[in-house]
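A.B. asks: Have a look at this one.
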Amino acid sequence: MITSDTLSTFGNNPVAEILEALMSKHRLSQTELSNRSGVSQPAINRILNERSRAKNPRKETLQKIAGVLGVTPEQLTGQEPISIRMMAHGAVPVMGWENLTHNVRNQHSIWIACPVDHSDLTFALTVQGEAMIGDDGYAEGEIIFIDPGVAPTHGKDVVLVTAGTALFRRMVITQEGRFLKTVNPSWPNPIMPLPADAIICGTVVFSGRVR
């Protein structure tokens with residue numbers, strides 16, 4: 001059944017139809033998908049073009065491709081529905097902060113439109129806590145859009161993971177090194193060196209205004 005909230009596909013090879021639609025949504029060529037997923041370009045081409053004659057892709061192949069495209073292997077094979085909002089150009093997934101620390105990024109139930117240009121890896125988060133609350137900052141509960149493709153330059157607000165904890169801070173770069181700063185002037189220890197183990201997940205590009 002097709003509803004306004006789900007996308008169903010028909011045909012002898014639903015994987016090909018779904019993969020083609022997702023590649024179009026993410027504006028990925030076969031070569032780009034191959035480079036990001038580790039699946040060979042000829043293998044991707046076979047899935048897309050052989051249609052009814054294509055063999056069922058291996059589980060490992062499906063997992064690699066699905067991980068890049070932000071869906072589950074079951075959604076990629078048509079066994080589970082895909083939200084139509086997920087297929088819209090410009091839509092990005094809303095993630096939970098716990099997804100960052102557990103490195104879970106391929107299953108999302110809510111997708112929203114990002115109003116500025118962004119890479120296909122962009123995601124959204126809801127501001128939590130008070131570290132970045134302030135006149136030049138954010139409001140708790142505000143939605144922020146994070147683009148891993150934007151460089152974390154001086155003055156940019158970034159999301160990162162360090163010591164198993166996800167943080168939201170402002171990047172400060174000086175001759176002494178790189179530091180993380182809070183916007184809330186009342187926050188204890190408002191500035192700290194960028195930890196050596198820090199993994200920067202992305203840079204905030206929008207949150208009600210261009211960042």
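A.B. asks: What is the spin-label model distance, in nm, from Ile110 to Lys181 if the labels are put 7 Å beyond Cα along the C-beta direction?
C.D. replies: Here the answer is 3.1 nm between the modelled labels.
A.B. asks: Given a Förster distance of 41 angstrom, what is the FRET efficiency for Asn35 paired with His102, based on the Cβ-Cβ distance and rounded to 0.05? Each step should come with its number before you reach the end.
C.D. replies: Details: r = 25 Å, r/R0 = 0.62.
Result of the calculation: an efficiency of 0.95.
A.B. asks: Hey, another quick one. Within a Cβ distance under 14 Å of Ile173, other residues only, what is the Lys/Arg minus Asp/Glu net charge?
C.D. replies: Once positives and negatives cancel, what remains is +3.
A.B. asks: Moving to a separate point now. If I take R0 = 25 Å and measure r between the Cβ atoms of Ala163 and Asp136 in this structure, what FRET efficiency does the formula 1/(1 + (r/R0)^6) give, to the nearest 0.05?
C.D. replies: Working: r = 27 Å, r/R0 = 1.08.
Once rounded, the FRET efficiency stands at 0.40.
A.B. asks: Taking H placed 1.01 Å from N in the peptide plane, check which residues at least 5 places from Val150 or on another chain put their amide H under 5 Å from its amide H.
C.D. replies: Those lying under 5 Å, H to H, from Val150 are Thr203.
A.B. asks: Let me ask another. Please compute P(r) over all alpha-carbon pairs of the range 91-206, binned at 10 Å starting from zero, and give each bin as a whole-number percent.
C.D. replies: 14, 47, 33, 6, 0
A.B. asks: Oh, and also: Which of Cys114, Phe179, Ile144 sits closest to the plus end of the dipole of the range 91-206, meaning its Cα is farthest towards the positive end, when Lys and Arg get +1 and Asp and Glu get -1 on the C-beta?
C.D. replies: Toward the positive end, the furthest listed residue is Phe179.
All of the numbers you see were taken from the coordinates with simple rules; none came from a lab. Computed from a prediction, not measured in an experiment: that's the story for all the values here. All Cβ positions, glycine included, derive from the backbone under ideal geometry; neighbour counts span all protein chains shown.
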